[in-house]
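Inspection log for the structure reproduced underneath, given as structure tokens.
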Amino acid sequence: MRNQPEPVIEAAFLNVQNAAMYMGISVNTLYVWRHRRQGPPSFRMGPGGRVMYRRDLLDEWLSEQQQADSRSNPALDPLNRAPRQRERRRAV
């Protein structure tokens with residue numbers, strides 16, 4: 001039983017460094033998004049007020065970003081829409 005690998009524990013909460021690595025972006029990008037209130041939801045935890053991210057909310061936010069992109073969501077692709085007809089100007 002000694003040679004069995006230890007189970008991998010996936011944390012429900014990630015600090016800024018781990019959240020950035022999880023998302024494949026830089027730590028600086030996360031800080032900028034947080035400052036501008038643009039990125040995934042975050043909060044401060046503990047007496048030191050460490051910025052943390054919930055893994056499930058990161059996944060949800062990433063999915064929302066993917067659905068909002070016309071390259072990932074065919075419903076938003078302007079090439080899938082019928083061309084609009086111009087309105088004719090009425091003579092006055």
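The values are calculated or read from the model by the stated rules, or taken from the named source; none is laboratory data. Note that the coordinates shown come from a computational prediction; the quantities given were computed from them, not determined experimentally. Glycine also receives a Cβ, built like all others from the backbone with ideal geometry; neighbour counts cover every protein chain displayed.
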Segment 21-31, residues that are out of contact with any strand residue (DSSP E or B) (no Cβ under 7 Å at 6 or more places or on another chain) and surrounded by 11 or more Cβ atoms within 10 Å (Cβ to Cβ): M21, M23, I25, S26, V27, T29, L30, Y31
message: What's the number of the only condition in (1) at pLDDT below 95; (2) surrounded by 10 or more Cβ atoms within 10 Å (Cβ to Cβ) that P83 fails to meet?
response: (2)
statement: Note: among D69, D77, D56, just one is modelled with pLDDT of 80 or more and among the acidic types (D, E), namely D56
- prompt: Just checking, how many residues over segment 32-57 are part of a loop (DSSP other than H, G, I, E, B) and surrounded by 12 or more Cβ atoms within 10 Å (Cβ to Cβ)?
  reply: 4
query: For R50, all conditions in the list (1) in contact with a strand residue (DSSP E or B) (Cβ under 7 Å, 6 or more places away or on another chain); (2) on the phi > 0 side of the Ramachandran plot hold save one; what is the number of the exception?
result: (2)
query: Do we find that Q85 is part of a loop (DSSP other than H, G, I, E, B) and among the polar types (S, T, N, Q) in this structure?
result: yes
